[in-house]
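Step one of this worksheet: look at the structure below.
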Amino acid sequence: MAVPAGSFNAEYQGSDARIQKYASGTTKCEPIRAAAEVVLAVMAWAAKMERLAINERISAARERLAAEGRAWGRPPRLASRERNQIRQLRRAGRTVREIAVALKIPRSTVGRVVSA
C-alpha cells in the first residue's frame, strides 16, 4: 500500500513504531477510567457531605441569632446618624462625590443612602 509522502505513516513506515487506537471498545485504559470514576464519585459524595454540614452550621447560627433577638446578615456599613448626615448634606445641595470625599466613604455607599 502506497503511503503519501510527508504523512505521519510515511515517516515511520518500516520502523517498529505503531499507532494504537483507543476510540472504541475495551482498551488498555478501561481499568484506569473505572478507578477515576470511583475516585470522582467519592469526591462528589465528600463535597455533598461537607455542604450539608455547612448548611447545618448556618441554620444553627440563624436560630441562635433569632433567639438572641439579633439580626441575621451583614451589619450595616453606616450608622443611622451617618445616614441622616448624608441626607442633610444632599438636601443642602452637595453632590454625591463631595459627600463621599467629606465623609471618607465610597460614592456607591453614599448613592445607596441618597436613593433609598
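The values are calculated or read from the model by the stated rules, or taken from the named source; none is laboratory data. Fair warning: this is a prediction, and the values are worked out from it, not measured in the lab. We place every Cβ from the backbone using ideal geometry, glycine too, and count neighbours over all the protein chains shown.
For the range 79-97, a residue qualifies if it is in a helix (DSSP H, G or I) and closer than 14 Å to GLY111 by Cα, and the qualifying residues are GLU82, ARG83, ASN84, GLN85, ILE86, ARG87, GLN88, LEU89, ARG90, ARG91, VAL96, ARG97.
Taken across the range 56-64, residues that are outside any helix (DSSP H, G or I), closer than 30 Å to PRO106 by Cβ and of a type in the set (D, E, K, R) do not occur at all.
When each of ALA23, ALA60, ALA67 is tested for being loosely packed, with under 10 Cβ neighbours inside 10 Å, at pLDDT 95 or above and of a type outside the set (Lys, Arg), the lone residue that passes is ALA67.
Restricting attention to the range 81-94, the residues that are within 13 Å of SER115 (Cα to Cα) and either hydroxyl-bearing (Ser, Thr, Tyr) or touching a residue at least 12 places away in the same chain (Cβ under 8 Å) (or both) total 4.
Is there a residue in the range 88-100 that is in contact with a helix residue (DSSP H, G or I) (Cβ under 9 Å, 6 or more places away or on another chain), among the small types (Gly, Ala, Ser) and surrounded by 11 or more Cβ atoms within 10 Å (Cβ to Cβ)?
yes
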